[in-house]
Amino acid sequence: MSDELTTRRSDLLDELKRLSARLDELESLKAIEDLHRSFTRAVADREFDELAGYFSDDGVIDMRRHGPISGRDAIGAHFAGMAAVPLSGAGYVLSSPVIEVDGDTAAGTWTWHRFNAEATIGTKRVRVWGVWEEGRYRCRYRRVGGAWRFTHMHFRVVLPDSDDTPSTSEEFR
C-alpha cells in the first residue's frame, strides 16, 4: 500500500473515531435529558414507587432540608414517604439544562419551576393563580449497563424564598 493510501486510511479512521465519540456524546446528552424529564414527570404523576429506579445503586440525594440520603433503597424509602403528602395540584417545568458529558459520567444543572393551583390558607384549601417556585438541580450521572442513572442529586428552591440550608454534600460545594 502506498504512503498516500496509508495516510488517507489513517485519517479516515481518526475521523471515524472523532465522529463516533461525538455521536456518543450527543446520544448521552439526549438520554440524560430524557432521564431527568422522566424523573420529573414521575414526581408530578406521584409515581413515587418508580423514583428509586432512576438512581445508581450508590446514588445520593440531597434535597431541600432533608439532608443527604445514600443508596437506592434509602432513596426509595424517602420518595415512598412523599405519598403521604397531599396532592397540591402543582405543575412542573424543567428547563435550561447545562450538561457536560465525560465518557460514562456527566454533570448537569437544571432550572425547575413549580406552579401551584391550590394553597392552604388557615385550614382551608383554596384555588390560587400565579403561585410559583423556582429551584435548581445540580446532578451527577453515570452510565450503568448502557443506561444513564443519577449518582448524585442536589436540589434547592432558590426563588421566591430560598432554601437557606447549605448542602452538606461535598460534591456540590
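The values are calculated or read from the model by the stated rules, or taken from the named source; none is laboratory data. Just so it is clear, the model here is predicted, and its values are computed rather than measured. For neighbour counting, all protein chains shown are included, and Cβ atoms are generated from backbone atoms with ideal geometry for every residue, glycine included.
Looking only at residues of the range 61-73 that are small (Gly, Ala, Ser) and in contact with a strand residue (DSSP E or B) (Cβ under 9 Å, 6 or more places away or on another chain), we find that the one that is surrounded by the fewest Cβ atoms within 10 Å (Cβ to Cβ) is Ser70. Look at the range 144-173: where a residue is closer than 30 Å to Glu27 by Cα and a partner is assigned to a helix (DSSP H, G or I) and at pLDDT below 95, sitting 6+ places away or on another chain with Cβ atoms under 7 Å, you get His152/Glu171; His154/Phe172.
Checking the range 114-127 against the condition returns a match, with at least one residue being modelled with pLDDT of 85 or more and within 27 Å of Ile32 (Cβ to Cβ). For the range 61-82, check the following and say yes or no: at least one residue is basic (Lys, Arg), out of contact with any Lys or Arg (no Cβ under 6 Å at 6 or more places or on another chain) and part of a helix (DSSP H, G or I). Yes; the residues of the range 61-82 include at least one that is basic (Lys, Arg), out of contact with any Lys or Arg (no Cβ under 6 Å at 6 or more places or on another chain) and part of a helix (DSSP H, G or I). Leu94 falls short of the stated requirement of being in a helix (DSSP H, G or I) and not basic (Lys, Arg). From the list Asp34, Asp49, Asp58, the lone residue that is part of a strand (DSSP E or B) and surrounded by fewer than 15 Cβ atoms within 10 Å (Cβ to Cβ) is Asp58. Looking across the range 132-173, the residues that are among the polar types (S, T, N, Q) and either at pLDDT below 95 or assigned to a loop (DSSP other than H, G, I, E, B) (or both) come down to Ser162, Thr165, Ser167, Thr168, Ser169.
Residues in the range 83-95 that are exposed (fewer than 10 other Cβ atoms within 10 Å of the Cβ) and in contact with a strand residue (DSSP E or B) (Cβ under 6 Å, 6 or more places away or on another chain): Ser95 only. Screening the candidates Thr40, Thr6 for the property of being of a type in the set (Ser, Thr, Tyr), within 14 Å of the chain's Cα centre (by Cα) and either part of a helix (DSSP H, G or I) or modelled with pLDDT under 95 (or both) yields one hit, Thr40.
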